[in-house]
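As structure tokens, the structure follows; a few thoughts come after it.
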Amino acid sequence: MKDDSESYYESREFQDILKSYESMLDEGTSTYFDGMDLANIAQYYALSSELEKSDRVIEYGLSIHPADPDILIAKAGNQLQRGLSDQARVIAESIDSQDNQELIYLKGCIELADGNPEQADRFYTTAVEMSENDSGMINDIIVKFMDTRHFELCQKWLDKALVLEPDSRNFIELQADLFFDTGQMDTALTWYDNLLDEFPFDTYYWEQMGRIHYEKNEFAKARECFEYIEAIDPDNKSARMMCASCIFSLELWDDALEIYTDLLKEDSDSYTLLYYCGRCKFEKGLYSESLPYFQQSFESLTHEDDEIPTEMLVELYGYMAESALRSGQTKYAVQLLADGLALDPQDQRLIYVSGLLLEGPFTDFSDNKQQEQ
């Protein structure tokens, strides 16, 4: 399996052109660039979501190359990126360069943005034929159809791509991603596993495999994947969080708590981390210790977000109420139950805790559960 070549924007040629342009701005001078070079600089900034910089390049480009098709295509692309497909279409239709493959490709993107995937596919097919099956353009088309969830058209283009370049790492990865996005998890696993045979230190493939195993409730296998990522990239906090989720799902409360506590040191206001620290303490029977975590999680959640899903609040009320009740804070538990049931009188945990309240007393629900076990 071979690596695909670097993109043009990473090449020394383009970096030298970009440096010359930026030096011109810094020095306040005027330098001549041809239209294609300026269009490439504009597209580079656009790809980096720096549309104002891109607009400035386009404005400068049109001042020295009026009606240049490549610069106008970049201008239309910026409008499309802003969601202004009507304006992009007006610009595209004004360009008198019907043999320009980038213009035909742009028209396909406009049709796709306007919800016309079949028309977009026709433009894309014409553009690729004009480009003599340019692999970069095919890649962009596949990604466009994948992002807009037109999976059948995406597969059509992947079939073409893999015939043209069967050993392309990029296209093989996109095929694996398509299997993942369409829920063909076992097949996706096989494709990612094959990629790892060639690229064992690519954390993306390990992450995708970990996500698949996690969704299949194969938590031990998922844990292994995220631990591999940590070994490759020790600073990867996302992998550490997912590893903790796997350990939590395996009900290894002490191990999960150790990770969540460590992560909490760097993000002390995270309602998610506070919640899971509380859950680990709760599952260990340490109710008086779990309650402060749930309280802090509740405070952090309500402080950070004005539109909180009711389900999240009700869940926290349930755990706070049970923790309070089992640690002897009966009056506080009653208050929490009332607040929670006001949001959802049918919540099963709140109903369960209400039943415990009626049973009483709660001297048996101490923090000695762990020691007793």
Problem set entry | Reported label for calculated Kirkwood radius over Cα pairs in Å given [x] 25.3; [y] 28.3; [z] 25.8 | [x]
Problem set entry | Relative contact order (%) - the stretch 186-308, alpha-carbon pairs under 8 angstrom, separation at least six | 14
Problem set entry | Solvent exposure ordering (accessible area, 1.4 Å, most first) of Met320, Met185 | Met185, Met320
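What FRET efficiency comes out for Tyr352 versus Arg82 if R0 is 41 angstrom and r is the Cβ-Cβ distance? Round to the nearest 0.05.
On the way: r = 51 Å, r/R0 = 1.25.
Computed FRET efficiency for Tyr352 and Arg82: 0.20.
Could you compute the net charge surrounding Gln155? Neighbours are other residues with a C-beta less than 13 Å from the C-beta of Gln155; K and R count +1, D and E count -1.
-2
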For this session: Would you work out the charge dipole size for the chain about its Cα centre, treating the Cβ of every Lys and Arg as +1 and the Cβ of every Asp and Glu as -1, and quote it to the nearest 20 debye?
Result: 1020
Problem set entry | Percentage relative contact order, the stretch 108-206, counting C-alpha pairs under 8 Å, at least six apart | 14
Seminar exercise, completed: Note on the stretch 96-135: alpha-carbon gyration tensor, axes a ≥ b ≥ c; rule is a/c under 1.5 for rounded, else prolate if a/b larger than b/c, else oblate; result oblate
Seminar exercise, completed: Charge tally for neighbours of Pro117 with beta carbon under 14 Å away, counting Lys, Arg as +1 and Asp, Glu as -1, is -1
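Tally Lys and Arg at +1 and Asp and Glu at -1 over the other residues with C-beta under 13 Å from the C-beta of Asp181: what net charge comes out?
Working: positive: Arg149, Arg211; negative: Asp147, Glu152, Glu173, Asp177, Glu215.
The answer is -3.
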Exercise. Taking Cα pairs under 8 Å and at least six residues apart, what relative contact order does the chain come out at, in percent?
Worked result: 7
Problem set entry | Gained length - Ser94 relative to Glu52, 0.36 nm times residue gap less alpha-carbon distance | 12.9 nm
For this session: With a 1.4 Å probe and every protein chain kept in, tell me what percent of the accessible surface of the stretch 211-349 is carbon plus sulfur.
Result: 45
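With the other protein chains left in place, how much accessible area per residue, in square angstrom, belongs to the stretch 180-319 at a 1.4 angstrom probe? Could you put the intermediate results ahead of the total?
On the way: 7120 Å² over 140 residues.
Here the residues of the stretch 180-319 average 51 Å² of exposed surface.
Roughly speaking, to the nearest percent, how much of the stretch 82-199's 1.4 Å accessible area is carbon and sulfur? Could you put the intermediate results ahead of the total?
Working: 2550 of 5760 Å².
Roughly 44 percent, rounded to a whole number.
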Seminar exercise, completed: Beyond 27 Å (Cα-Cα) in this structure, taken from Lys53/Lys237; Lys144/Lys237; Lys160/Lys216; Lys156/Lys221; Lys53/Lys107, we find Lys53/Lys237; Lys144/Lys237; Lys160/Lys216; Lys156/Lys221
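Filter the chymotrypsin sites (Phe, Trp or Tyr not before Pro) in the stretch 268-308 down to the DSSP loop ones having no more than 10 other Cβ atoms within 10 Å, then list what survives.
Numbers: sites: Tyr271, Tyr275, Tyr276, Phe282, Tyr287, Tyr293, Phe294, Phe298; in loops: none.
The qualifying sites: there are none.
Calculate, for the stretch 29-117, the solvent-accessible area per residue in square angstrom, rolling a 1.4 angstrom probe over the heavy atoms of the protein chains. Before the final figure, lay out the partial values.
Details: 4370 Å² over 89 residues.
Accessible surface, normalised per residue, equals 49 Å².
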Seminar exercise, completed: In whole angstrom, the spacing between the Cα centers of the stretch 114-159 and the stretch 230-298 equals 43
Problem set entry | For a label point 7 Å along the Cα-to-beta-carbon line of Asp235, residues of the stretch 242-260 with backbone N under 20 Å | 242-243
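The values are calculated or read from the model by the stated rules, or taken from the named source; none is laboratory data. Everything quoted here is computed from the prediction, not taken from an experiment. Note: ideal-geometry Cβ built from the backbone for every residue, glycine included; neighbour counts use all protein chains shown. Note: accessible area is taken over every heavy atom of the protein model, side chains too, but ligands, DNA and RNA are not part of it. Shrake-Rupley method; radii C 1.70, N 1.55, O 1.52, S 1.80 Å.
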